[in-house]
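The values are calculated or read from the model by the stated rules, or taken from the named source; none is laboratory data. Keep in mind the model is a prediction, meaning the values are calculated, not measured. Positions of Cβ are generated from backbone atoms using ideal geometry, with glycine treated the same way; all protein chains shown enter the neighbour counts. Side chains are part of the model used for accessible areas, which takes the heavy atoms of the whole protein and leaves out ligands, DNA and RNA. Shrake-Rupley method; radii C 1.70, N 1.55, O 1.52, S 1.80 Å.
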Amino acid sequence: KNQVEQSPQSLIILEGKNCTLQCNYTVSPFSNLRWYKQDTGRGPVSLTIMTFSENTKSNGRYTATLDADTKQSSLHITASQLSDSASYICVVGRIYTGTASKLTFGTGTRLQVTL
Amino acid sequence: ETGVTQSPTHLIKTRGQQVTLRCSSQSGHNTVSWYQQALGQGPQFIFQYYREEENGRGNFPPRFSGLQFPNYSSELNVNALELDDSALYLCASSLEADLYGYTFGSGTRLTVV
């Protein structure tokens, strides 16, 4: 069964600190892995997209890693800011039909950054 | 370049009613995917439309239906609403059925009472 599991479910950190979110997946055949940031009641916003051959990708203070052998990914947030408070969702795409990639979403990690 | 817009932003319906949600895709995108996101959960795939044809469907009953127009905008229709249909409905557009990544709209919050 295609699944994406994220940990921790929630996290509280102090402003300025770093944190790392984890994602394990069993999706096959693998196409790509994405990390999204979702503010409450809003649509997800893409942070990074990685294909099988990529093992790291950065977007400002966000750095995602991918180990396709162990089917694990992480999202590292550096020097956190209050505006980083949101849900972070790991999404894995698999080849569905033709060029269509079906996405499997994790349930997200709820991050709260405090003073 | 316009992003993905969804309407309405919020909606309250009574159990048994029918609802239509609308999505305008990002300029240049020909694929629209619909997702249902219950509170505290990740989005669940409903279906995808690519060049006006259904191009994949998730585990949702037939009372969830949709269509895509020649301008690639899309509608999600839900008949015989149930209380469990209360959720945030997200629309995402992309080019060529997801080869180039998704852009999500802000969603429609549907409440069924």
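Kindly evaluate A:L75 against the criterion of being surrounded by 18 or more Cβ atoms within 10 Å (Cβ to Cβ), closer than 25 Å to B:Q36 by Cβ and either in contact (Cβ under 8 Å) with a residue 60 or more places away in the chain or not aliphatic (A, V, I, L, M) (or both).
Judged against the criteria, A:L75 is not a match.
Quick check on segment B:54-93: of everything there that is in a strand (DSSP E or B) and among the aliphatic types (A, V, I, L, M), which residue is most open to solvent (accessible area, probe 1.4 Å)?
Per the criteria, the residue is B:L67.
Given the criteria within 12 Å of another protein chain (Cβ to nearest Cβ) and crowded, with 19+ Cβ neighbours inside 10 Å, does B:T108 qualify?
Considered against the rule, which asks whether it is within 12 Å of another protein chain (Cβ to nearest Cβ) and crowded, with 19+ Cβ neighbours inside 10 Å, B:T108 comes out as yes.
Please specify each residue of segment A:1-49 satisfying the condition of being over 14 Å from the mean Cα position of the chain (by Cα), at pLDDT below 95 and among the small types (G, A, S).
A:S28, A:S31, A:G41, A:G43
Considering only segment A:4-13, I want to know if a residue exists there that is within 14 Å of another protein chain (Cβ to nearest Cβ), farther than 15 Å from A:T109 by Cβ and not in a loop (DSSP other than H, G, I, E, B).
No, the conditions are met nowhere in segment A:4-13.
Return the only residue of B:C23, B:C91 being at the interface with chain A (Cβ under 10 Å from one of its Cβ atoms) and at pLDDT 90 or above.
Numbers: B:C23 fails: at the interface with chain A (Cβ under 10 Å from one of its Cβ atoms).
After applying the criteria, what remains is B:C91.
Within segment B:32-53, identify whether any single residue is open to solvent by 40 Å² or more (accessible area, probe 1.4 Å), within 16 Å of B:E96 (Cα to Cα), within 14 Å of another protein chain (Cβ to nearest Cβ) and among the hydroxyl-bearing types (S, T, Y), and answer yes or no.
Within segment B:32-53, one or more residues are open to solvent by 40 Å² or more (accessible area, probe 1.4 Å), within 16 Å of B:E96 (Cα to Cα), within 14 Å of another protein chain (Cβ to nearest Cβ) and among the hydroxyl-bearing types (S, T, Y).
Under the condition of being modelled with pLDDT under 85, closer than 18 Å to A:Y36 by Cα and crowded, with 19+ Cβ neighbours inside 10 Å, which residue from segment B:94-105 is nearest to the other protein chains (Cβ to nearest Cβ)?
B:D98
Filtering segment A:16-51 down to residues that are open to solvent by 10 Å² or more (accessible area, probe 1.4 Å) and charged (D, E, K, R), which residue is nearest to B:Q6 (Cα to Cα)?
Result: A:R42.
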